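The values are calculated or read from the model by the stated rules, or taken from the named source; none is laboratory data. The structure presented is a predicted model; accordingly, all values stated were derived computationally and were not measured. Heads up, the Cβs are rebuilt from the backbone with ideal geometry, glycines too, and the neighbour counts pull from every protein chain shown.
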């Protein structure tokens, strides 16, 4: 990970999806349903793509150009 | 027997068999070194790493067991979703560091790293043995996945003839893993993952339409299973169980030898980080697969007379195969079942390679033949990969299926006990290696005792705190015990003035790296 402290702050963003799926009392409910799917289920499913977006943002924000960018993969 | 489905199934099986042997020539390397045979030379880029890790972590057993749990237990089974959401942010932070030090120091296993970092061959042995013991029942469970779909295709289920398809598929798997090493599962993973995606996309479009939409499907779920049981005066009930199972499973997953083997075979820290943003695609599929359990419930497959015998034999694990059989055309049943069976081969191959790497590196070379050549070391690993598979087949044939399932549950409790040495070890050498070893022993003993208290049937331990019961994942409770003992023994070693072991790694080893 980058040694730049300002860039390291971005990593705290990774906590967002974790907290979102651990706050069980918040999402353990049936409504509002979406396409007939109870809240409990679609809320957690929704956080899968959201977690991917969060990780992608942190990746792009903390990537150090030159460290291993540009090398053949 | 379902001739069309069997033909499609056999076609895909033959295809991956050819691919498995061809893989030896792919990105040619010297297959007489462990680094090439067991890690494919750490050369896999973003795309192959994505297929390999996805093909590795999301096993056939997962595809059978997760919907089976939903089918039987309802909302509780959905913990697989938060579990897979928690895995990637964690791996994003931790795994590039492990990759970097493993690359710079030539480490092939987690135990290699522990040996170097904490300077103790005995702690490394503990990590290696834990990895092998946790992996063996996991390989056996992949066979259960194959068994269920082979039976569903209409093959006889009992006796010598019933085990034959299983023995043949594992013999083929063993042969190409022996010759091609990690390159074989990497190539097959591409076929597996494509088949899985096709099957699931078809399933979530076709099945809800036939069953009257998602609203109608969820209406069939009994009210007490639709949501988690909320806490009451005496117990936190399913809330604490759900949270600890998700968090504990996420921490344990990356410690499994097969996960680390796939991670270490990628080509750099950056490749890994990018993958952590891309791998949730598989989690989404897993979430949809979980819902198949409810679709099976809505379709009432367990009440259909033609499947009664199978449910007697395989219990809830037959829910998804029965759903496919009753709602898909024959040819597509062949595709779906091939996806499950091939989905068993990929992780089984990687698990056997990972177990072989551990045995050869951290037991054979460390304690038996310290002066063996790289070629001898690799030959040993190839033999061990064969022995591991024969052992898994014998395990499944000789012992009741429930035994493998219970042992796999125990495996998660055991493997998480290596977290202080491996993951915390990446960040600090504060712990004394004697403290880590004592903590490991305490965690293994405590975790096993908690599982024994539930007759190994459930991973949830009922912790009594005063008047309140806190049901939670035994792995996590045992890990806390492990850490407490590790801290206490470390402080004792300091107080006694015992000499600390040397750290063979340097601070710079942990900085980002990539293969040239």
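Name every residue in region B:498-513 that is free of Cβ contacts under 8 Å to residues at least 12 places away in the same chain and assigned to a loop (DSSP other than H, G, I, E, B), in order of residue number. Listed by number, the residues that qualify are B:499, B:506.
Taking the listed residues B:149, B:129, the one that is surrounded by fewer than 24 Cβ atoms within 10 Å (Cβ to Cβ) and either modelled with pLDDT of 95 or more or part of a helix (DSSP H, G or I) (or both) is B:129, with no other qualifying.
Just wondering, is there one or more residues in region B:269-276 that are more than 9 Å from chain A (Cβ to nearest Cβ), over 21 Å from the mean Cα position of the chain (by Cα) and closer than 27 Å to residue B:415 by Cβ? There is no residue in region B:269-276 that is more than 9 Å from chain A (Cβ to nearest Cβ), over 21 Å from the mean Cα position of the chain (by Cα) and closer than 27 Å to residue B:415 by Cβ. Evaluate the following for residue B:201: is it closer than 30 Å to residue B:55 by Cα, surrounded by fewer than 23 Cβ atoms within 10 Å (Cβ to Cβ) and away from chain A (no Cβ under 13 Å)? Yes; evaluated as a whole, the condition is true for this residue. Here the condition is being farther than 25 Å from residue B:317 by Cβ and surrounded by fewer than 24 Cβ atoms within 10 Å (Cβ to Cβ); of B:15, B:98, B:39, it holds for B:15 alone.
Restricting B:332, B:311, B:328, B:284 to those that are surrounded by fewer than 24 Cβ atoms within 10 Å (Cβ to Cβ) and within 21 Å of residue B:83 (Cβ to Cβ) reduces the list to B:284. Listed by position, the helices (runs of 4 or more DSSP H) contained in region B:367-457 that have at least 3 residues being without any contact (Cβ under 8 Å) to a residue 24 or more places away in the chain are B:374-398, B:433-453. Here is a list of conditions, (1) surrounded by fewer than 17 Cβ atoms within 10 Å (Cβ to Cβ); (2) in contact with a strand residue (DSSP E or B) (Cβ under 9 Å, 6 or more places away or on another chain); (3) more than 14 Å from chain A (Cβ to nearest Cβ); (4) assigned to a helix (DSSP H, G or I), and residue B:186 meets all of them except one; can you say which number that is? For residue B:186, the exception is condition (1). Considering (1) closer than 22 Å to residue A:23 by Cβ; (2) at pLDDT below 90, the lone condition that residue B:87 does not fulfil carries the number (2).
In the set (1) over 21 Å from the mean Cα position of the chain (by Cα); (2) buried (at least 18 other Cβ atoms within 10 Å of the Cβ); (3) within 22 Å of residue B:13 (Cα to Cα), the condition left unmet by residue B:351 is number (1). Among the conditions (1) over 17 Å from the mean Cα position of the chain (by Cα); (2) within 9 Å of chain A (Cβ to nearest Cβ); (3) surrounded by fewer than 24 Cβ atoms within 10 Å (Cβ to Cβ); (4) within 24 Å of residue B:70 (Cβ to Cβ), residue B:242 misses just one, which is (3). For residue A:47, state whether it is out of contact with any strand residue (DSSP E or B) (no Cβ under 9 Å at 6 or more places or on another chain), at pLDDT 95 or above and either part of a helix (DSSP H, G or I) or within 8 Å of chain B (Cβ to nearest Cβ) (or both). When the stated conditions are applied, residue A:47 passes them.
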